[in-house]
Every structure is written in structure tokens, then in C-alpha cells.
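All remarks here apply to the structure that follows.
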Amino acid sequence: MNETVTNFVYLIAAILFIVGLKGLSHPRTAVRGNLLGSVGMLLAVIVTLLSKQIVSYPVIIIGLVVGAAIGVVLALRIQMTAMPQLVGLFNGFGGAASVLVAGAVLIGVMNLATSGAPSPDLRFTIATVASGLVGAVTFWGSLIAFAKLQGIMTEKPLRYSGEQVVKVIVALASIAAGIWIILEPGRTELYWLLVAISSVLGVLLVIAIGGADMPIVIALLNSYSGIAAAATGFVLDNTVLIIAGSLVGASGIILTRIMCKAMNRSLANVLFGGVGAVVEQGEGQDEMYAGKVKSTSPEEVALVLQTARRVVFVPGYGMAVARAQTAVRQLTELLEKNGVEVEFGIHPVAGRMPGHMNVLLAEENISYDKLKELDQINPTFPSTDMVIVIGANDMVNPLARKSSGTPIAGMPILDVDKAQTVVVIKRSLSPGFAGIPNPLFAADNTLMLFGDGKEAVEKLVAAYKE
């Protein structure tokens, strides 16, 4: 295929990527944006297959068939609650692909160089090193994130004496291996040494991060996979891969910054702070709860709901674990039939990935218009008759309003304590990820409905019907 035509199609694909990414910024245009991005990638794949010299089309076709089969099975079988870890795996696969492609190209180029072809230039070797280093960190970091989210390993940060020194040493070793490759590109075995060291770095970086920080980690790993892909684009001298990787890398970094801001924490604190490793009991916890926590029943909550005119649900990851979203939708429909205004307060870091709660609720056909962000919902709490908190803790903890003294100090929260009545559905009074008590549980206007989220809401639905 003519190079001019190839570049023109690449340009169209790049435009579709950008427009599609813009469409993903709003629920109403997300489906169209996803479709445009998919069309752009299809064009890029087709023109690449037609314009480049392909060694074996049958192998590529076999790969497409196998990959498509795996993708269909995953799409049909994966529950929405498991979507965060699936996204983490996708990030990892992107990193692994960059590592393997860059390594294969390096070996091929050096084999040609031994036969008299020109040696690779500096840009090529630097891009190869970047692909191997970032791609390996992404792959193994994503596997650890998957293991934490899937419950294969503990969600708590794994800390040890001198861990920061160890990370610095491993990082410097990765950089040293990369420089060695640049100085001696003919020694291709050094590339796999770089990959091995970077793999260790990826593991060390993520095992020290707690499960509740996984939304930020997933966004960051997504950015890493894009950076690795862009570097591989330079290795292959493929314009559209450079553009696509850059877009993914930039969007991941932007989302990471947004998530850090939502938690009022720096990225360095997330990566190296180890928040959640130690449960902090906090001073006066016994005094905070003793004799002040009011347990309630579904029947009592249903009676209060009968007089409510405005109700706000605040979902957390506990709702996803209990798979209570269907029961929440049923209760929402009952309330709305009785003329009750119902909305949902969504904290930016609720769940295990950005937008996790939004996706779970949208799957239940709950209108996106009812899902309100923190800045939108907070001013309405004083005029709200009842707030029902399901499986959330730190993001509704009033201690966050303090400027210091707790791991969540300064973190923006949902001001549910300002509502007339607050019902907290929770298994126990155990602390959340930050390991600190929650004075909301002992507030005068709070009722604690202890039990599994799904069962509690189902009983509440039955009691409200009566």
C-alpha cells in the first residue's frame, strides 16, 4: 500500500481516537465515543496489515481467533463487581505486549546488523529500553493489583524495614541496565536482564499499596501501558501507535491526578505512604461508640421512609461486594412510585476503579441523571430527609474535615451527617480502609442497620411494601 495512503488512514484513525476519547467524557455520548474509537483502531489494524510486510498471515489470523474467543468468554462471564481487576489485567497485557514486541524487534535488528545492515540509532535503543522497562513494571504491577482485588493476596500494604531503599536500588538497577543496553545494543541478553529487574520493581511498587487505593493504581497503570505502547511505536516507527499510546498515557495521568485530588493526597503518598497497613484504633474509640450507637431494623427504617420526601443513597464498595445494587434499584422504584425524590451521592473514589459505582447502578437501569457527584450532592444534604449509606465508611467520615491527625484529614467527603436521618448499612462497627473510627456511627441522627448489604436492603424492600 502507498505510504501516503497509509499515513492518511492513520490520520483518520488518530482523529477518531481523539473524538472517541472526548465522547467517553459523558454518559450520553460514551457509547458513540467507544464505537468511534473502535472504528479508528480497526482502520489502523487493517491498514497496518496491508502496508507492512507480514511474515505469516495464518499466525496472525490464529491469534485474532484465539483472542476474540477469550474476549467473548470474558465479556459474558465476568461480573461487574470483578470489572476492576479485569481492567487491571488489560493494562498488564498491554505492558507485556510492549515488552515482547520491542524485544523481538531488537533481536531482529541486531541479527540484520551482523549481516552488514546499519546498526540501530540512539532513538531506537532508547525507545526499546523505555518499552522494556515501563512495560515490565506495568505487567507485573497489574498482576499484583489483580491479585489484591481478586482476594488472591491480602489487600493490605505489605511493608518491611528499608523498603524505600530497596525500591530505589531496584529502580537504579533498571536504569543502569537500560544505559548498558544503549551503550551495547548488540548484547540483546541485556534487554531481558532489564525486563527481569523492572519486573521486580513493578511487584515492589504495588505490593506496598492498599486495596482502597486501587482506583488510583489502576489509573496509573493504565497510563504506564500507554507510555509503553507509545515507546513501542517509536521502536516500530509506527505513527498511529505513538499517537494512541500517548493519548492513553496522557488520559491515565490526568485521571490519576483527579483521583488523588479527590482523596486530598499526593501521588507519592499513594505509592509510598502505605496507608492502611496499620489499623489505627484512635483515641477515645470506646468512648465514641459506647452507649451512643443506635441499632435499628428494616421495619423501623421503612416506617421512617413512609414520611420521607427526599432520599439519597450513598453506595460504597460494600454494596458491590454484597451485590446489593438490584435490591437498591427495587427500593428506588418503590420510593419513586410514592412520589419520593431519590438521588445517589457518588464519591470520586467509591469502589475499586473510577466510575465503578456508576457502572453498577447504570447496569440496573438507574438513570445517570440521578447519580450526583460530590460537589452537586453536598449542598442538598441539609434538605434531605434520609440518607442510606451502603457499604461506605471513610468517604462519609466527618473526621476528614480535620486538617491533620488522621490518614483521611482534608479528604473531601459526602456530608451525609447534615441530613435529617442517616441509615448506615454495615456488617459491624469495624473501621474502614484508613483504620480510624467513624463518629457518624454514633451521631444523634444516625441509625445502624447491621447485616449483609443485599439482605438488609431486600428486607427493607419487603418492609416498605407492607
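Observations on the structure shown:
- Here the 3J(HN,Hα) profile of segment 331-347, calculated from phi with Karplus coefficients 6.51, -1.76 and 1.60 at θ = phi - 60°, is 5, 4, 5, 5, 5, 5, 5, 8, x, 7, 7, 10, 9, 10, x, 10, 7 Hz, Gly and Pro shown as x.
- Inter-probe distance in nm under a simple model that places probes 7 Å from Cα toward Cβ, at residue 28 and residue 297: 4.6 nm
- Mean Cβ neighbour count within 10 Å, used as a protection proxy, ranking 60-67, 157-164 highest first: 157-164, 60-67
- The trypsin sites (Lys or Arg not before Pro) of segment 285-378 that DSSP puts in a loop, and whose beta carbon has at most 15 other beta carbons within 10 Å, are 292, 294, 309, 323.
- Under-5 Å amide H pairs with residue 410, H placed in peptide plane, nonlocal only: 401, 402
- For the chain, the share of accessible area belonging to carbon and sulfur comes to 64 percent (1.4 Å probe, ligands and nucleic acids excluded).
- For the pair residue 66 and residue 401, label points projected 7 Å from Cα toward Cβ lie 5.8 nm apart.
- Rounded to the nearest 20, the size of the Cβ-charge dipole of the chain about its Cα centre is 420 debye, with Lys and Arg at +1 and Asp and Glu at -1.
- Phi-derived couplings, Karplus 6.51 cos²θ - 1.76 cosθ + 1.60 at θ = phi - 60°, listed residue by residue for segment 422-429: 10, 10, 10, 9, 7, 5, 7, 8 Hz, with x used for Gly and Pro.
- Mean Cβ neighbour count within 10 Å, used as a protection proxy, ranking 131-138, 99-106, 12-19 highest first: 131-138, 99-106, 12-19
- About the Cα centre, charge dipole magnitude for segment 281-380 (Lys/Arg +1, Asp/Glu -1 at Cβ), debye: 160 debye
- Ordering 377, 441, 290 by the projection of their Cα atoms onto the charge dipole of segment 288-442, which places +1 on the Cβ of Lys and Arg and -1 on the Cβ of Asp and Glu, puts 290 at the extreme positive end.
- The GluC sites (Glu not before Pro) of segment 338-430 meeting both criteria, a DSSP state outside H, G, I, E and B (loop) and at most 16 other C-beta atoms within 10 angstrom of the site's C-beta, are 364.
- Listed residue pairs exceeding 28 Å between alpha carbons, taken from 156/454; 148/459; 22/167; 148/292: 148/459; 22/167; 148/292
- Under 15 Å of direct C-alpha separation, and excluding same-chain neighbours fewer than eight residues apart, residue 372 reaches these aspartates and glutamates: 341, 343, 415.
- In a fully extended conformation the segment linking residue 50 and residue 272 would gain 75.3 nm over its present Cα-Cα distance, using 0.36 nm per residue.
- Rounded tilt (10° steps) of 3-23 against the dominant C-alpha axis of the chain: 10 degrees
- In the full protein context, the chain carries 47 Å² of accessible surface per residue, based on a 1.4 Å probe and ignoring ligands, DNA and RNA.
- Nearest-ten-degree value, helix 27-51 long axis tilted from longest Cα axis of the chain: 10 degrees
- Only Lys, Arg, Asp and Glu carry charge here, each on its Cβ (+1 for the first two, -1 for the last two); on that basis segment 85-235 has a dipole of about 160 debye about its Cα centre.
- Applying 1/(1 + (r/R0)^6) with R0 = 30 Å to the Cβ-Cβ distance of residue 363 and residue 164 gives a FRET efficiency near 0.15.
- Per-residue [θ]222 nm for the chain (sum of -39500 (n - 2.57) over DSSP H runs n ≥ 4, rounded to 500): -20000 deg cm²/dmol
- In terms of its C-alpha gyration tensor, segment 328-466 comes out prolate, because a/c is 1.5 or above and the ratio a/b outweighs b/c.
- In segment 329-466, a dipole from Cβ-located charges (positive for Lys and Arg, negative for Asp and Glu) runs towards its positive end, and of 424, 360, 334 it is 424 whose Cα lies farthest in that direction.
- Charge dipole of the chain about the Cα centre (unit charges at C-beta), most positive-ward option of 114, 395, 186: 114
- Cβ-derived FRET efficiency at R0 45 Å, residue 333 paired with residue 93, nearest 0.05: 0.70
- Karplus-based coupling profile of segment 174-188, in residue order and whole Hz: 4, 5, 4, 4, x, 5, 4, 5, 4, 6, 10, x, x, 8, 5, with θ = phi - 60° in 6.51 cos²θ - 1.76 cosθ + 1.60 and x standing for Gly or Pro.
- Cα gyration tensor, segment 1-111 - rounded (a/c under 1.5), prolate or oblate: oblate
- Segment 408-460 shape via C-alpha gyration tensor axes, a/c threshold 1.5: oblate
- The chain: angle of helix 214-236 to the longest principal axis, Cα-based, in degrees nearest 10: 10 degrees
The values are calculated or read from the model by the stated rules, or taken from the named source; none is laboratory data. Being a predicted model, the structure only gives us computed values, none of them experimental. No Cβ is skipped: glycine too gets one built from the backbone with ideal geometry, and neighbour counts run over all protein chains shown. When the accessible area is computed, the model is the full protein with side chains, heavy atoms only, and any ligands, DNA or RNA have been set aside. Shrake-Rupley method; radii C 1.70, N 1.55, O 1.52, S 1.80 Å.
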